[in-house]
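**Student:** Pasting in a structure now, in structure tokens, and then I'll have a few things to ask.
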Amino acid sequence: METIIANMPVNVNEQGYLLDMNQWNKEIAEQIADEEAIDLTNRHWEVLEYLRAEQVKGTALSIRKIGKSGVVGIAEFYKLFPEGPLKKASRIAGIPKPASCI
């Protein structure tokens, strides 16, 4: 379905994940982060860029894989994106909800 995020029309699924990661930009990420009550810092952006790069490679993402990535540890990942870090970070990054998320 089409919706407006950051004054831009985008296609999302019923859970609010972008269907086309090419529609994503930083303004969209900031608005989604606001909805999730997350103030994005440089550290958040590093993690979001990593997630987007892994999505382009076709890598299946999981909390465990991210914890072993060397980009962010699991504890920090939970601190940056509380209460469902992979789901929230993926939504903010404009990538599909990982299959490993319920």
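**Student:** Which links in Lys26/Lys88; Lys65/Lys88; Lys26/Lys57; Lys57/Lys97; Lys68/Lys97 stretch past 18 Å when you go from one Cα to the other?
**Tutor:** Cα-Cα > 18 Å for Lys26/Lys57; Lys68/Lys97; rest within.
**Student:** Quick one: dipole size for region 2-93, taken about the Cα centre, charges +1 on Lys/Arg Cβ and -1 on Asp/Glu Cβ, in debye to the nearest 20.
**Tutor:** 560 debye
**Student:** If the chain were replaced by its equivalent ellipsoid, with semi-axes equal to the square roots of 5 times the Cα gyration tensor eigenvalues, what would those be, largest first, whole Å?
**Tutor:** Equivalent ellipsoid semi-axes, largest first: 21, 15, 12 Å.
**Student:** Of Leu51, Pro9, Gln31, which is farthest on the positive side of the dipole of the chain, counting Cα position, with +1 on Lys and Arg Cβ, -1 on Asp and Glu Cβ, and the Cα centre as origin?
**Tutor:** Result: Leu51.
**Student:** Could you calculate the contour length gain from Gln23 to Val56, that is, 0.36 nm times the residue separation minus the distance between their Cα atoms, to one decimal place in nm?
**Tutor:** Computed gain between Gln23 and Val56 is 10.5 nm.
Throughout, read-outs are computed from the coordinates displayed, never taken from laboratory work. Since the model is a prediction, treat every value here as computed from it, not as a measurement. For neighbour counting, all protein chains shown are included, and Cβ atoms are generated from backbone atoms with ideal geometry for every residue, glycine included.
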